[in-house]
Amino acid sequence: MIRPARPDDMRAVADIWHRAWHTAHPGHVPEGLTAARTLEAFRSRTPSRVADTTVAEVDGEVAGFTMVADDEVEQVFVDPERHGSGIAAPLLAAAEQQVAAAGHDAAWLAVVVGNARARAFYEKHGWHDASDLPYEVVADGTTYVSPCRRYEKVVSTGGTTATGRSPRDR
């Protein structure tokens with residue numbers, strides 16, 4: 001079941017975010033950022049994000065989540081124990097619908113360059129690699145630049161991406 005998050009979901013969201021982030025990012029982001037991404041850091045970040053979080057629930061447990069801010073799909077994570085189970089696709093579709101419902105023609109997200117699994121997933125679901133994106137991340141008061149790619153997808157009929165291209169222009 002895909003549904004809006006509730007405050008009591010956010011501890012599970014933080015736990016999944018921590019496990020999944022550390023599955024996908026070490027070796028692909030600045031070393032200091034990896035060290036700063038502690039479980040407590042994720043737990044302190046999630047309560048304020050309940051309003052823009054959508055969760056996937058399986059057998060009464062949170063199994064994955066998305067966070068959307070304006071036209072950016074900021075986070076898409078599934079519990080690593082459930083990778084490959086089909087949870088990510090409906091979560092991503094729900095995030096795309098949120099962006100469209102907010103009046104945006106296109107959605108975008110940042111994918112760490114070395115995260116080949118995520119990049120293949122997004123491409124399979126109609127997203128395209130639009131450009132290089134040195135993504136600034138602040139952790140423990142330090143700013144890191146994470147090497148990312150900006151992925152985009154038209155989410156409304158007749159829209160164009162932020163780079164002005166329609167999917168036909170690729």
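Every number in this text was worked out from the coordinates using simple rules, so none of it is lab data. Computed from a predicted model, the values in this text were never measured in an experiment. We place every Cβ from the backbone using ideal geometry, glycine too, and count neighbours over all the protein chains shown.
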Across 5 Å bins from the origin, how do the percents of Cα pairs in region 76-136 run, short distances first? 3, 15, 26, 25, 19, 10, 1
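If you average 1/r across every pair of different Cα atoms in the chain and take the reciprocal, what Kirkwood value do you get, in Å?
Values: mean 1/r = 0.0611 Å⁻¹.
Kirkwood radius, the chain: 16.4 Å.
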Cα-centred dipole magnitude for the chain, charges only on beta-carbon of K, R (+1) and D, E (-1), debye, nearest 20: 320
